[in-house]
1. Just one of ALA64, ALA33, ALA42, ALA48 is of a type outside the set (S, T, N, Q), surrounded by fewer than 18 Cβ atoms within 10 Å (Cβ to Cβ) and modelled with pLDDT under 90; which is it?
2. Surrounded by 17 or more Cβ atoms within 10 Å (Cβ to Cβ), hydroxyl-bearing (Ser, Thr, Tyr) and under 24 Å from ALA104 (Cβ atoms): which single residue out of THR5, THR87 fits that description?
3. Just to be sure I understand, how many residues within segment 49-72 are out of contact with any strand residue (DSSP E or B) (no Cβ under 7 Å at 6 or more places or on another chain) and closer than 12 Å to ALA103 by Cα?
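The values are calculated or read from the model by the stated rules, or taken from the named source; none is laboratory data. Computed from a prediction, not measured in an experiment: that's the story for all the values here. Reconstructed Cβ throughout: ideal geometry from the backbone, glycine too, with neighbour counts over all protein chains shown.
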Amino acid sequence: MKALTANRLIDGEVVFWLDGRWVERFADAQLFADDDAAGPAAVETGLAQSTVIVEPYLIDVVPAPGGWAPVSYRERLRALGPTNEPTHGKQAEGGAGIEAILAATGAARSTGRVDLIRRK
């Protein structure tokens, strides 16, 4: 499975794609099957929104206890928000989505980010 992520230009917030709009919480992100053409189509839509977000790319996600979590440690950190203090950012909001990310184990590279780098 994959999810589409980017950074919002106005404030740098990490955002995720959900049915034609950007949301801030990973738990709300739309998930795409690996062979689903809607994932790359969403990337193209994101690329066309150059005044709203920057560098949209697909990330790999896996089942985690209680939900889904990004495969790569880097993307987990982006989904949790600032990690300097657990009482700040998205992780302070808590909820099942945050708990799933915190419970995820293992770390690997996300092929979405690697593919983005290769395109450049």
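1. Result of the check over ALA64, ALA33, ALA42, ALA48: ALA48.
2. THR5
3. 5
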